[in-house]
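Data block below; observations after.
The values are calculated or read from the model by the stated rules, or taken from the named source; none is laboratory data. Just so it is clear, the model here is predicted, and its values are computed rather than measured. Using ideal geometry, Cβ is built from the backbone for each residue, glycine included, and neighbour counts are taken over all protein chains shown. Remember, those area values only see protein heavy atoms, side chains included, never the ligands or the DNA or RNA. Shrake-Rupley method; radii C 1.70, N 1.55, O 1.52, S 1.80 Å.
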Amino acid sequence: MSGIKEKFDLSSKLIIVSGGNGLIGRAVVDGLLEIGARVICLDFACDIKHDRLEFIEIDVTDYEKVEEIIKSIGDREHGIDGLVNMAYPRTSLYGKYDFLDSDIYDWLKNLEMHVGSYFWLSKCVSESMIKHGKKGSIINFGSTYGVVGPNFSIYENTDMKNPSVYAAIKGGIINLSRYMATYLAKYGIRVNVVSPGGVWDHQPEEFVRRYEKLVPLGRMASPVDLVGGVVYLLSDASLYVTGQNIMVDGGWTAW
Ligand SMILES: NC(=O)c1ccc[n+]([C@@H]2O[C@H](COP(=O)([O-])OP(=O)(O)OC[C@H]3O[C@@H](n4cnc5c(N)ncnc54)[C@H](O)[C@@H]3O)[C@@H](O)[C@H]2O)c1
């Protein structure tokens, strides 16, 4: 017997999810609760109510507050088993300008907020895991656009944009995760990335049609498509997996 059923059991695990009230976040939090994990959601709000879910209202770019909260959760709970970084911090100008019209200060601010908060939460949680002897699992959300360049033809005649800073953010997060995976391996802490393809969210029909033509599996993602990869990487079924970027993109990057 491989004990695989027990390895997928998350009922003794405490998982922190940043951005747990978002489009994908709500599906991930729901899925983790359904499989029995205890979840702490860090976000501005939280629509899900559950007796194994705790909501902490926090801006993840408030780095001092993040450090304080993670330390107090770790000490109160005698350790944290997992972190899923999936918040999407952005400025009001994010996605509003083209590459050639870029505002450098806004570009840098978005880079700082997104990469900075993923880095700092990972650092604070791993520090707490080390302190409490937890061989935990950290998952950072990447994107297909951290791996390949955009196909701009799908955005034609829509007001949708693909911000250049997103390539720097997600490319940075994917390789930062590899760094943390090799650095933290000596503590038994694993760090991986889940990279979604485009998730359907009422985008213009023309965009959806063009997008789906470029996906081998022929459709955009649904938030629940991301849950399985997250559960696997948080569970003991993936104890020998670290530094990897799992593409959940219907094959978008496989052509
Ligand atoms: N939706 C997609 O098509 C898609 C595709 C590829 C990758 N991703 C990635 O998946 C992750 C989740 O994306 P999503 O579509 O669910 O995003 P979303 O915008 O729907 O949700 C993001 C959540 O983060 C929270 N948040 C934003 N800034 C915050 C801050 N400063 N402090 C605390 N919480 C904050 C928001 O309140 C929201 O609940 C992101 O990393 C995103 O880049 C999304």
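Only a single item in (1) assigned to a helix (DSSP H, G or I); (2) touching a Leu at 6+ places or on another chain (Cβ under 8 Å) is not met by residue 83, and it is number (1). What about residue 28, is it at negative phi and near the ligand (Cβ under 8 Å from one of its atoms)? Judged against the criteria, residue 28 is not a match. Close contacts from the range 181-200, counting a first residue that is open to solvent by 60 Å² or more (accessible area, probe 1.4 Å) and a second that is more than 16 Å from the ligand (Cβ to nearest atom) and not charged (D, E, K, R), with Cβ to Cβ under 6 Å and a gap of 6+ residues or different chains, come to 187/130.
For the range 186-196, state whether one or more residues are under 18 Å from the mean Cα position of the chain (by Cα) and in a loop (DSSP other than H, G, I, E, B). Checking the range 186-196: at least one residue is under 18 Å from the mean Cα position of the chain (by Cα) and in a loop (DSSP other than H, G, I, E, B).
Residue-wise test of (1) of a type in the set (Gly, Ala, Ser); (2) under 16 Å from residue 88 (Cβ atoms); (3) at pLDDT 95 or above.
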position: 177; (1), (2), (3): yes, no, yes
position: 198; (1), (2), (3): yes, yes, yes
position: 202; (1), (2), (3): no, no, yes
position: 225; (1), (2), (3): no, no, yes
position: 233; (1), (2), (3): no, no, yes
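Across the range 46-65, the qualifying residues are those that are part of a strand (DSSP E or B) and over 19 Å from residue 117 (Cβ atoms), and the one among them that is most open to solvent (accessible area, probe 1.4 Å) is 54.
Inside the range 34-45, can you point out the residues that are outside any strand (DSSP E or B) and more than 17 Å from the chain's Cα centre (by Cα)? Across the range 34-45, the qualifying residues are 34, 35, 36, 37, 45. When the range 215-246 is filtered for residues that are outside any helix (DSSP H, G or I), more than 14 Å from the chain's Cα centre (by Cα) and more than 14 Å from the ligand (Cβ to nearest atom), the ones remaining, listed by number, are 216, 217, 218, 235, 239, 240, 241, 242, 243. Each residue in the range 125-141 was checked for being surrounded by fewer than 22 Cβ atoms within 10 Å (Cβ to Cβ) and hydrophobic (A, V, I, L, M, F, W, C), and 1 pass. Taking (1) among the polar types (S, T, N, Q); (2) within 11 Å of the ligand (Cβ to nearest atom); (3) crowded, with 22+ Cβ neighbours inside 10 Å in turn, residue 144 satisfies each apart from (3). Within the option set 129, 113, being in a helix (DSSP H, G or I) and within 14 Å of the ligand (Cβ to nearest atom) holds for one residue only, 113. Does the range 1-23 include one or more residues that are of a type in the set (A, V, I, L, M, F, W, C), modelled with pLDDT under 95 and not in a helix (DSSP H, G or I)? Scanning the range 1-23, I find at least one residue that is of a type in the set (A, V, I, L, M, F, W, C), modelled with pLDDT under 95 and not in a helix (DSSP H, G or I), so the answer is yes.
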